[in-house]
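Engineer: Questions regarding the structure given below will be posed in turn.
The values are calculated or read from the model by the stated rules, or taken from the named source; none is laboratory data. In this text the structure is predicted, and so the values were computed from the model without any measurement. In this analysis, Cβ positions are derived from the backbone assuming ideal geometry, glycine residues included, and neighbour counts consider all displayed protein chains. The protein model used for the area step is the full one, side chains on, heavy atoms only, and it has no ligands, DNA or RNA in it. Shrake-Rupley method; radii C 1.70, N 1.55, O 1.52, S 1.80 Å.
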Amino acid sequence: MARLSGKWTIRAIAKEAGWAQGVEIGGSFGQDGVYEMDVGTEILHVEGEEFTVTPKAFNPATNVWVTSLEQERYQWDDNVGMTLTIFADDNPPLGDEDFNDLVVLCIAEDDELVSPYAGLPRPDLTIPENLVKFR
């Protein structure tokens, strides 16, 4: 279960599973619940002081959403800023541990976590040769 604060967009970027996949949001300012996710599905402007995003899989045998196993990776992306990627493996505890059943990208929307270069080409930081002096 990922813990986030502020405002985020949650987007499914990969899904390789037979079961329906989704995320459960808890503790947000009004967007709590289970959301079924397919590649390209977005949940916009999820906000809260501290909310959780938990990957889920719908078990057709029991007709209930079960919590998936997960791995998380936080990183900085120069194009968008702070991101969190959640990799889910369904059918716990018997999952195949491939962590590709659902992959969700969480993108920060708060100004302090958004890259100042978002939407712009990266600056060229190359030092011109005529400005370099070798001794």
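Engineer: If you go through segment 94-121, how many residues are free of Cβ contacts under 8 Å to residues at least 24 places away in the same chain and either surrounded by 12 or more Cβ atoms within 10 Å (Cβ to Cβ) or within 20 Å of Thr54 (Cβ to Cβ) (or both)?
Structural biologist: 2
Engineer: Output yes when any residue across segment 75-98 is part of a loop (DSSP other than H, G, I, E, B) and modelled with pLDDT of 95 or more, and no when none is.
Structural biologist: No, segment 75-98 has no match at all.
Engineer: Could you please let me know if Glu70 is in contact (Cβ under 8 Å) with a residue 40 or more places away in the chain and part of a loop (DSSP other than H, G, I, E, B)?
Structural biologist: No: the conditions fail for Glu70.
Engineer: Checking the structure you have, find out if any residue of segment 76-85 is in contact with a Pro (Cβ under 8 Å, 6 or more places away or on another chain), under 17 Å from Lys15 (Cα atoms) and surrounded by 11 or more Cβ atoms within 10 Å (Cβ to Cβ).
Structural biologist: First, the residues of segment 76-85 that are in contact with a Pro (Cβ under 8 Å, 6 or more places away or on another chain): none.
No, segment 76-85 contains no residue that is in contact with a Pro (Cβ under 8 Å, 6 or more places away or on another chain), under 17 Å from Lys15 (Cα atoms) and surrounded by 11 or more Cβ atoms within 10 Å (Cβ to Cβ).
Engineer: Where in segment 5-64 are there strands (runs of 3 or more DSSP E), lying fully within it, with 2 or more residues that are within 26 Å of Asp98 (Cα to Cα), without any contact (Cβ under 8 Å) to a residue 40 or more places away in the chain and open to solvent by 50 Å² or more (accessible area, probe 1.4 Å)?
Structural biologist: 33-36, 42-59
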